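Here is the structure we will look at.
The values are calculated or read from the model by the stated rules, or taken from the named source; none is laboratory data. Every value quoted in this text rests on a predicted model; they were computed, and no experiment measured them. As a convention, Cβ positions derive from the backbone with ideal geometry for all residues, glycine included, and neighbour counts pool all protein chains shown. What goes into the accessible areas is simple: the full protein's heavy atoms, side chains included, and nothing from ligands, DNA or RNA. Shrake-Rupley method; radii C 1.70, N 1.55, O 1.52, S 1.80 Å.
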Amino acid sequence: MRYAVLVTGPAGAGKSTFSKSFITHLSASKRTGHLVNLDPAADPSSFEYEPVIDIRDLISLEDVMNELEYGPNGGIIYCFEYLLQNMDWLEEELGGYEDDYLIIDCPGQIELYTHHPFIPTLVQHLARMDIRTCATYLIESQFMEDKYKFFSGVLSAMSAMVNLEIPWINIMSKMDLVTVNPEDPSGGARNGLRRRKDIARYLDPDPLLIATTRGDKSDKSNPRFHALNQAIVQLIEDHPLVSFLPLDLTDTDSLEYVVSHIDYTMQYGENEEPKEPHDLDEGDFQDLE
């Protein structure tokens, strides 16, 4: 059985850094993980691990922008359209990996996940190849600095979950920015320490953070947004799909916590047969018989 994890989310959320740390963790756990790059705009120098499969070997954003004179967003859409027209290339590239973990680093254009059919079509192809797939959606802890920005992230995560229809884990990355950093002599977070109770309202989104009362003088937001805020609150309360796992890559236990949830979500290893130790195959214990 093969396993694939789609690493998705907006630009700057830490997808590539998480992918690198994920593979390092798998390697330390004596498990095999490979990086698959599906970002046609990726900088080759940014990879600590060389991708075993790279969409830029098929098509790159730079070529599309130069030859077709597309902008960055339109160019990425074109690259994915081209990929779907050449899925035989991807299937051939994926054919040589058995019992492996494929970490698929995706672009930061959230429209690819929220309302375009490209990623759902890709997921269907992976399922036909008997690759068990789940997705992670990362937003960075900086979103907690602005509650409206945070809830836009919650709604985009919800939209992507509904669009892809596969096992899903939402991750709040860069938690070292808002929690105690043991390497900091002052003991404080780099972006202002938040109390555990406050963080919990974001990890399990509390829609009352943006709830307002019409005419409330303490509310400085535009009163015309009151009805919109109330509608968003109602939507999140009616469909409580989104919650986040905290991820602090400076803490090994935090990464292990996230990886264990991914394993559980994909039922990693449940269909595997026990493997006989190599020592027994080589007859190292013949003297004991």
Nearest-10 value in Å² for the accessible area of Ile104, using the 1.4 Å probe: 10
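May I ask you to compute the full-extension gain from Leu68 to Lys30, defined as 0.36 nm times their residue separation minus their alpha-carbon distance, rounded to one decimal in nm?
Difference between extended and current length: 9.2 nm.
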In whole percent, the Cα-Cα distances of segment 16-125 spread across 5 Å bins from 0 upward as 2, 11, 21, 23, 21, 14, 6, 2, 1, 0
Coil-residue GluC sites (Glu not before Pro) of segment 31-106, DSSP, other Cβ within 10 Å capped at 15: Glu48, Glu69, Glu98
Where only alpha carbons of segment 89-160 are counted, the Rg and the Dmax (Å): 15.2, 45
For segment 1-63, what is the Kirkwood hydrodynamic radius in Å, using each pair of distinct C-alpha atoms? 12.7
Residue-normalised value, i.e. accessible area per residue, for segment 24-132 at 1.4 Å probe, in Å², stands at 50
